[in-house]
Amino acid sequence: MAEYDVVVIGAGHNGLVNANYLAKSGLKVICVEKNQNIGGGCSTEEVTLPGFKHNLHSTFHGWLPMGPVYKDLNLENYVNYVYPPANHVSLFDNNRSLVVYRSMDLVCKQIEQFSKKDAVTYRRIFKSYKEFIDTVFVPWFFSPPVNQSDLIATLEKSPEGMELYQWMMSTPMNIYNELFESDELKNHLMARVLILGMPHDYYGSGLIAIFAIIKVINPICVGGSRNLAEGLARLLKEQGGEVINNTPVEKIIVKDGAAVGVKTAGGKEIMAKKAVVSNIEPKQTMLGMVGPDKLDEWYVSKVNAFKPDAHAIFGVHYALNDAPKYTHAEKNPDVNMGFSQDIFGNKIEDFTDFFADVRRGIPPRKPAFQCCAPTVHDPTQAPPGKHTAFIWQPVPYNLRGKGPEGWADIAEEYADYLQSIWQEYAPNISGSNILGRFVHDPLKAMEYNNNFIGGGFNAGDMSPDQMGNLRPIVNWAQYRTPIKNLYMCGCSNHPGGSVSGSPGYCAAGIIHDDLGIKRWWKGLV
Ligand SMILES: Cc1cc2nc3c(=O)[nH]c(=O)nc-3n(C[C@H](O)[C@H](O)[C@H](O)COP(=O)(O)OP(=O)(O)OC[C@H]3O[C@@H](n4cnc5c(N)ncnc54)[C@H](O)[C@@H]3O)c2cc1C
């Protein structure tokens, strides 16, 4: 029987980050992954043609370099990133576009096309709140959740903080309506908020609206997103740890109220002397692998009440002969050089209309998707001279009257529909330029990675009642569980979804404290 200090279930990037922090303290760690390939939401698969590397989930890793993980683990030695010259590009009718460059002056010039007043306000918000985002929000994001009252107390110290507090209680849409007059800018920003995983109308999630103005970087992992996971796995092995693939964990072995190991689907037991850490969301971890019989009724009811994401993602991946060429580039050639091109309509109503369809369980009838061709910035993701591209359309997971299974019947047809709209903006997405296509509907996404409940970004809705010290379970938001020595480290925990490494990092700190081991890293607060 194999025995380790710590068994980590799942080799998503958070599981691997967690394993690395523990291994660096001298613990003997193994990471056990269900799939053939590690990475979870950092996946790269050749799903169309050989040599075309498609990132089925994350593509931009903007959070990772903001936090401590990248530096602490010296990840620059294990993974490379490229930074596109322009970030998001919003495409509107009549070949009008808004390109978010990396320079604030250039961004403001772009906004001036739609409203001079909005450009002034945009710059003011950036200047007024950048320091707050850097000194309060980023450390909050990369630390275990604090009491909500502590965060509010920080905001209450200044008039600017009080204004932020008011916005924090509000919705992204209310804030953009208050600050800006041009529908184009509002649409552009709301698309960004949605792409960060939040709907436009959640009260209590307003800070993300300010964040979307201030933090706009989109590094792309060279060779594909899975290279981040592969780099973390390499580092873990150098530190004496192990990673095994193709090994689904079925049970967490509990003895006298404490986790002591795991049992795999193949019947193998892997024992853990000090801790078991799960990278998987709470329903599967606590009800599936532990079992409700080992938990009290209150906790079981709370886990059952944990909500999946508000929307799923419908991805269509392409192998292309040539990169998408947008008609909008006739007016501004930089349109083709953006990290992504967002087609979310022209008016604020377009945005709310499409989301209303999502909530009704209908695949949106109006276009509202993000397009991206990673190979424009990282040619290594396709054979020489060729390209990969994808579109992401937010959709309902449960189709009205049919449930998620309904996607099997309509996925290809819906992909054709989206493609026809994309062609209006990029006419070369057609004919012989398309070498291959793969439709990653929400059902397939869940089959690939069962952690993404509801087919979304975050393995659990990012509504305010599931954020901060309420995520994933009220009174159990510190990565611990009611089972002694069992922890959770995935994005169902604070601060939520995205490739940040934060949940894995924060959980590692808590585990060090519980085991009485001094942390080898400094931390942000
Ligand atoms: C379509 C899509 C696009 C996204 N785009 C971005 C983006 O561009 N930028 C960004 O920052 N974020 C993005 N995200 C979000 C991001 O990918 C996730 O939030 C993040 O990858 C979650 O990491 P994790 O380590 O917490 O979990 P995961 O990556 O989900 O890792 C969980 C791992 O556990 C494994 N596992 C599951 N069950 C078992 C079991 N029983 N036994 C063993 N192993 C198991 C899974 O196979 C998986 O490898 C996107 C998400 C989606 C769905």
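Readers should treat all values here as calculations from the given coordinates under stated rules, not as data from a laboratory. Computed from a predicted model, the values in this text were never measured in an experiment. So basically every Cβ, Gly included, is an ideal-geometry build from the backbone, and we count neighbours across all protein chains shown.
With a/c under 1.5 counting as rounded, go ahead and sort region 297-386 into rounded, prolate or oblate using the C-alpha gyration tensor (a ≥ b ≥ c being the square roots of the eigenvalues; past the cut-off, prolate if a/b is larger than b/c, else oblate).
In terms of gyration-tensor shape, oblate.
Treating the beta-carbon of each Lys and Arg as +1 and of each Asp and Glu as -1, no other charges, what is the dipole magnitude of the chain about its Cα centre, to the nearest 20 debye?
About 1000 debye.
For the ranges 405-415, 215-225, 328-338, what's the packing order if you count other beta-carbon atoms within 10 Å of each residue, average per peptide, and put the highest first?
215-225, 328-338, 405-415
Can you compute the helix-only [θ] at 222 nm over the chain? Use -39500 (n - 2.57) per DSSP H run of at least 4 residues, normalise by all residues, nearest 500 deg cm²/dmol.
-9500 deg cm²/dmol
How would you rank 489-497, 42-50, 357-365, 430-438, highest first, on the average number of other Cβ atoms within 10 Å across their residues?
489-497, 42-50, 357-365, 430-438
For A2, what is the net charge nearby, where nearby means another residue's Cβ is under 13 Å from its Cβ and Lys, Arg count +1, Asp, Glu -1?
0
What residues have an amide H closer than 5 Å to that of N35, excluding those fewer than 5 places away on the same chain, when H is modeled at 1.01 Å from N in the peptide plane?
For N35, the qualifying residues are N246, T247.
List E76, E184 from most exposed to least, where exposure is judged by having the fewest other Cβ atoms within 10 Å.
E76, E184
Taking amide H atoms as placed 1.01 Å from N in the peptide plane, list the residues 5 or more away in sequence, or in a different chain, whose amide H sits under 5 Å from that of K273.
Y4, D5, V6
If you fit an axis through the alpha-carbon atoms of helix 183-195 and take the longest principal axis of the Cα set of the chain, what angle between them do you get, 0 to 90°, nearest 10?
So the helix axis and the longest Cα principal axis differ by about 20 degrees.
With all distinct Cα pairs included, what does the Kirkwood hydrodynamic radius of region 376-478 come out to in Å, to one decimal, could you say? It would help to have the intermediate numbers written out before the result.
Details: mean 1/r = 0.0602 Å⁻¹.
Evaluated over region 376-478, this radius sits at 16.6 Å.
What angle, in degrees between 0 and 90 and rounded to the nearest 10, separates the Cα long axis of helix 13-24 from the longest principal axis of the Cα atoms of the chain?
Here the helix axis deviates by roughly 40 degrees.
Using packing as a proxy for protection, rank 278-290, 146-158 so that the peptide with the highest average count of other Cβ atoms within 10 Å comes first.
Values: 278-290: 24.2, 146-158: 13.4.
For the peptides 278-290, 146-158, the packing ranking is 278-290, 146-158.
In which sequence would R123, R192 go, from the one with the fewest C-beta neighbours within 10 Å to the one with the most?
Final ranking by Cβ density, sparse to dense: R123, R192.
What area, in nm² and to one decimal, does the C-alpha convex hull of region 103-215 cast on average over all directions?
Details: hull surface 27.4 nm².
One quarter of the hull surface, i.e. the mean projection, equals 6.9 nm².
Going by C-beta contacts inside 10 Å, put Y299, Y417 in order with the fewest on the left.
Y417, Y299
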